[in-house]
Amino acid sequence: MKNLNQLEKNVKDIDAQLEDKDTVRELALKSSRAIRRLSRKMIKEIHQDHDPQETFNEAIQEVSKLKSIIEGYPELFHSGFLRNGFQELAEAHILWALTGDKEPMSAEELGISPSSYLLGLADVVGELRRDSLEKLNEGNIQRAEELLEAMDRIKDMLMELDYPKAIIPIKNKQDMARALVEKTRGDIAVSSHREKLREDIAELTRKL
């Protein structure tokens, strides 16, 4: 069977292509880890009231590098193993935009996939709750309420999304966002009641 020689060549060609794709995948995975690390650094800087601009610039450069790595394999861009890095960048950027009164960039402007952007947006709710609780501990109920309003608006945006898991795995994040909003609303109500009670006691003490 002479045609087996051609078949063997076909298999070897495919093997070489897969080997190259696997190498690209490993490089892309390393780049994605770098994006996650920089995004987490951004979030830490935001919570510490430091300017994350430099870290953000590094992250954007890494995204550009990653996209150049997978240029010959565009299907990898939407693969699950890259989603985490893109997702955390979206989370960090949106948090920075909201807390710093900046205009949030789009998924396209960040260079990430749309699904990663939405999943990152969902995670912002937890970071805003963290800030809200810190403000409550400081006695700044007004700021905590502003952060709750942002959480509630994001939750409403997320609840508008109704797609199967194969399109975007966001159902669990929708449920989590709803729960965090209600929990934070309760925390603020308790703090407001406690503050009102403290003021009433102080006023009563002054009258005695």
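The values are calculated or read from the model by the stated rules, or taken from the named source; none is laboratory data. Quantities reported herein were computed from a predicted structural model and do not represent experimental measurements. All Cβ positions, even for glycine, are placed from backbone atoms using ideal geometry, and neighbour counts span all protein chains on display.
Among the residues of segment 1-43, write down those that are basic (Lys, Arg), surrounded by 13 or more Cβ atoms within 10 Å (Cβ to Cβ) and over 23 Å from residue 74 (Cα atoms).
37, 40, 41
Residue-by-condition table, conditions (1) touching a Leu at 6+ places or on another chain (Cβ under 8 Å); (2) not charged (D, E, K, R):
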position	(1), (2)
108	no, no
131	yes, no
140	no, yes
147	yes, yes
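Any idea which of (1) within 24 Å of residue 181 (Cβ to Cβ); (2) not assigned by TED's automatic domain parsing to the domain that holds residue 179 is the one residue 117 doesn't satisfy?
For residue 117, the failing item is (2).
Look through 81, 56, 77 and report the one residue that is at pLDDT 85 or above and among the aromatic types (Phe, Trp, Tyr).
Only one candidate qualifies: 56.
Being buried (at least 18 other Cβ atoms within 10 Å of the Cβ) and among the charged types (D, E, K, R) is the filter; apply it to segment 115-144 and report the residue that is nearest to the chain's Cα centre (by Cα).
Restricting to residues being buried (at least 18 other Cβ atoms within 10 Å of the Cβ) and among the charged types (D, E, K, R), the top hit is 123.
Look through 122, 150, 92, 97 and report the one residue that is in a helix (DSSP H, G or I), at pLDDT 95 or above and in contact with an Asp or Glu (Cβ under 8 Å, 6 or more places away or on another chain).
None of the others qualify; the one that does is 97.
Kindly evaluate residue 155 against the criterion of being more than 30 Å from residue 65 (Cβ to Cβ), without any contact (Cβ under 8 Å) to a residue 24 or more places away in the chain and in contact with a Lys or Arg (Cβ under 7 Å, 6 or more places away or on another chain).
Taking the combined requirement at face value, the residue does not satisfy it.
Only one of (1) farther than 23 Å from residue 147 by Cα; (2) over 12 Å from the mean Cα position of the chain (by Cα); (3) not in a helix (DSSP H, G or I) is not met by residue 112, so which one is it?
(2) is the only condition that residue 112 fails.
Pull out all pairs, ordered by first then second residue, where Cβ-Cβ is under 8 Å, the residues are six or more apart or on different chains, the first lies in segment 52-65 and is closer than 17 Å to residue 108 by Cβ, and the second is hydroxyl-bearing (Ser, Thr, Tyr) and at pLDDT 95 or above.
Here the result reads 59/39, each pair linking segment 52-65 to a residue that is hydroxyl-bearing (Ser, Thr, Tyr) and at pLDDT 95 or above.
Out of all the residues in segment 165-208, which are among the small types (Gly, Ala, Ser) and either at pLDDT 95 or above or assigned to a helix (DSSP H, G or I) (or both)?
Passing the criteria: 177, 179, 186, 189, 191, 192, 202.
Are any residues in segment 118-144 more than 19 Å from residue 46 (Cα to Cα) and in contact (Cβ under 8 Å) with a residue 24 or more places away in the chain, and if so, which ones?
118, 119, 139, 141
Take residue 188 and decide whether it is more than 30 Å from residue 77 (Cβ to Cβ) and not assigned by TED's automatic domain parsing to the domain that holds residue 85.
Answer is yes for this residue.
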